[in-house]
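Written below as structure tokens is the structure these notes are about.
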């Protein structure tokens with residue numbers, strides 16, 4: 001599976017895009033390829049007269065999707081976490097409120113193993129925020145708080161047996177921010193482990209789970225300089241973290257992501273070297289738990305940023321990254337069977353500025369990337385949600401805009417299951433007090 005949502009990432013905002021040069025370029029060949037993904041029309045999931053934001057989505061084995069988002073009604077001050085389920089006929093059910101209404105809920109994220117579904121979010125704010133978890137196996141379980149106060153930025157995975165694991169950042173009183181991890185026990189409780197050491201202050205984290213249930217966590221933290229570290233938590237032994245980024249190069253390493261499948265685990269991150277040049281670096285871990293030395297991803301230099309990674313069923317990795325330029329472009333580096341890398345391929349449009357890219361990779365090698373495609377000549381910027389799909393033959397089939405023109409798309413995310421079914425979600429605003437959450441899937445509503 002691809003890396004789950006990380007950070008908040010250090011992205012440029014839509015207002016920082018420059019129009020110069022971008023408008024004169026032609027459209028990339030990838031944009032003219034065919035056929036496009038066959039997806040349902042956009043479905044509005046959020047309520048009228050509300051702000052729907054921070055959306056995430058999962059797609060199950062039967063192609064049906066489960067969506068989560070935060071929603072603030074215009075006559076209320078606090079946001080709640082909403083969830084909606086799609087049935088196997090493509091019909092969306094009515095949203096259900098998962099969070100309590102007495103305090104703000106934010107940063108929901110969702111994961112599935114194809115059947116079981118889990119959702120986590122941050123309840124409350126500041127020193128009083130806690131991490132909540134609920135699970136779905138026909139019905140939603142009562143949400144439970146699994147962290148101490150001061151916890152933020154939750155991420156989660158669900159393994160093949162249905163066991164949920166969660167990480168978060170904990171802002172400790174008079175101590176650096178730590179990465180904490182909790183895995184569900186057979187009794188349905190969560191036992192907390194601290195993964196960071198006493199001297200490092202963590203900024204963001206990402207996690208992945210293997211077919212055997214082994215969880216891997218990667219994060220970046222400040223300990224003299226910014227560095228990327230990783231751990232494989234165990235319930236039977238003390239967890240020891242390792243540093244993946246290279247200290248000899250005096251690097252600043254940030255924005256890590258991680259993915260695992262078929263006994264291969266890869267972490268990727270953004271490195272700034274002592275000469276201020278910016279690259280994408282990676283390291284791999286075998287099934288025995290040993291990490292390789294860090295290496296630089298070929299061609300991903302000269303301002304390369306914001307990497308995402310996925311691993312297919314043969315253990316080969318796909319890395320999605322941003323190539324900086326007059327218009328930032330989404331580039332894909334694909335690994336060969338011998339571990340070498342194919343030449344990088346552009347999968348976004350030349351005449352748009354592309355940022356905030358997300359990646360998901362299926363077991364058979366199919367993949368989907370999503371991002372907001374910014375037209376620099378259309379100010380104020382109103383980018384649509386865009387995707388590009390890699391088919392079973394390894395071909396990227398072309399850029400496809402999913403959302404309607406005239407509205408600003410925020411944080412589009414797309415997921416793909418092992419049958420090639422796709423689900424995508426985004427928040428769409430018109431610059432006023434309301435915004436809505438929309439989703440598309442491979443299941444066209446019927447009946």
When residue 247 is run through (1) modelled with pLDDT under 95; (2) surrounded by 20 or more Cβ atoms within 10 Å (Cβ to Cβ), the failure sits at (2)
Name the residue that is surrounded by the most Cβ atoms within 10 Å (Cβ to Cβ), counting only residues in region 136-162 that are closer than 12 Å to residue 115 by Cα and in contact (Cβ under 8 Å) with a residue 40 or more places away in the chain.
158
Residue check for residue 385: closer than 24 Å to residue 38 by Cα and buried (at least 21 other Cβ atoms within 10 Å of the Cβ):
yes
Residue check: is residue 197 in contact with a strand residue (DSSP E or B) (Cβ under 7 Å, 6 or more places away or on another chain), outside any strand (DSSP E or B) and over 25 Å from residue 58 (Cβ atoms)?
no
Collect the residues in region 280-315 that are at positive phi and more than 18 Å from the chain's Cα centre (by Cα), keeping them in residue-number order.
289, 299, 302, 303, 315
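Here is a yes/no grid of residues against (1) at pLDDT 50 or above; (2) touching a helix residue (DSSP H, G or I) at 6+ places or on another chain (Cβ under 6 Å); (3) farther than 24 Å from residue 376 by Cβ; (4) not in a loop (DSSP other than H, G, I, E, B):
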| position | (1), (2), (3), (4) |
| --- | --- |
| 3 | no, no, yes, no |
| 9 | no, no, no, no |
| 12 | no, no, no, no |
| 40 | yes, no, yes, no |
| 47 | yes, no, yes, no |
Which fully enclosed strands (runs of 3 or more DSSP E) of region 266-361 have 1 or more residues being without any contact (Cβ under 8 Å) to a residue 40 or more places away in the chain?
278-285, 317-323, 329-334
Residue that is farthest from the chain's Cα centre (by Cα) [pool: residues in region 361-380 that are over 16 Å from residue 348 (Cβ atoms) and modelled with pLDDT of 95 or more]:
364
Enumeration of residues in region 210-228 that are in a strand (DSSP E or B), surrounded by fewer than 24 Cβ atoms within 10 Å (Cβ to Cβ) and under 18 Å from the mean Cα position of the chain (by Cα)
215, 216
Please find, within region 177-188, the residue that is farthest from the chain's Cα centre (by Cα) out of those that are at pLDDT 90 or above and farther than 18 Å from residue 240 by Cα.
185
Of the criteria (1) closer than 23 Å to residue 115 by Cα; (2) not in a loop (DSSP other than H, G, I, E, B), which one residue 388 fails
(1)
Go through 260, 232 for me and flag whichever is modelled with pLDDT of 95 or more, within 21 Å of the chain's Cα centre (by Cα) and surrounded by fewer than 22 Cβ atoms within 10 Å (Cβ to Cβ).
232
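The values are calculated or read from the model by the stated rules, or taken from the named source; none is laboratory data. Model, not experiment: these values are computed from the prediction. Every residue, glycine as well, gets a Cβ built from its backbone with ideal geometry; the counts of neighbours run over all protein chains shown.
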